[in-house]
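Data block below; observations after.
The values are calculated or read from the model by the stated rules, or taken from the named source; none is laboratory data. Just so it is clear, the model here is predicted, and its values are computed rather than measured. Cβ placement follows ideal geometry from the backbone for every residue including glycine, while neighbour counts extend to all protein chains displayed.
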Amino acid sequence: MRLMFTALLLAATPAVAAPAVIQPAAVAASSTFWTYNAQNLINGSGLSGGLHDGNYNNHWMTETTGEPAWLVFDLGKVTRLADIRIWTYNVDFGMGYSLVRGAKDFTVSLSTDGVTFAPATQGTLAKGTGLPLPAQVYALSGDARYVRLDLLNNHGDQWQWTGLGEVRIGAVPEAATWAMMIMGFGLVGTAMRRRRQMAA
């Protein structure tokens with residue numbers, strides 16, 4: 001009886017697993033400085049062992065138009081989200097002056113259709129150092145195919161350039177939940193079979 005109760009409890013308990021990391025399928029940007037590329041935000045360039053380098057060829061930066069910058073990431077399908085992982089702009093051309101171009105305050109909005117976006121979170125990114133940096137992670141909750149990142153300012157660059165290194169999305173691992181439920185049902189079946197055998 002105790003074994004059956006344990007199996008039922010396992011079957012009813014969702015699995016707790018680390019979020020699956022999604023590399024967005026595409027990205028659109030409000031603007032891009034001519035020596036940079038928005039695709040650098042999603043193509044893994046500059047990433048090694050979870051750290052992002054300081055090479056400008058592996059980053060993205062806006063034009064100097066002064067408008068609040070935005071990015072829209074297409075995940076390829078509607079997904080249940082867990083977090084957003086942002087590697088800040090980390091390019092240091094010397095004397096630290098270029099590090100202030102990194103995005104600072106931001107908001108995140110989610111959409112299933114790419115037209116209507118709902119606010120999801122906001123935050124403040126730490127300034128880059130020029131040394132390899134890990135992602136800054138912010139919790140998300142909801143289903144979306146499109147993730148919009150509005151970059152409200154930078155760390156004080158007088159030319160109003162705003163940049164980032166890379167973006168990844170954490171998704172709720174539904175497969176792990178199903179695996180735990182199936183295992184729980186298997187344990188219940190085994191317990192019921194044993195009980196019948198013992199009664200016979």
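Exactly one residue out of Asn57, Asn43 is at pLDDT 95 or above, part of a helix (DSSP H, G or I) and not β-branched (Val, Ile, Thr): that is Asn57. Do the conditions hold for Ala135, that is, is it among the aliphatic types (A, V, I, L, M) and either within 18 Å of Thr162 (Cα to Cα) or in contact (Cβ under 8 Å) with a residue 40 or more places away in the chain (or both)? In short, yes. Across the range 82-99, the number of residues qualifying as among the aliphatic types (A, V, I, L, M), touching a residue at least 12 places away in the same chain (Cβ under 8 Å) and over 13 Å from Leu149 (Cβ atoms) comes to 3. Scanning the range 80-99 for residues that are among the hydrophobic types (A, V, I, L, M, F, W, C), in contact with a Phe, Trp or Tyr (Cβ under 9 Å, 6 or more places away or on another chain) and surrounded by fewer than 20 Cβ atoms within 10 Å (Cβ to Cβ) gives a single hit, Phe93.
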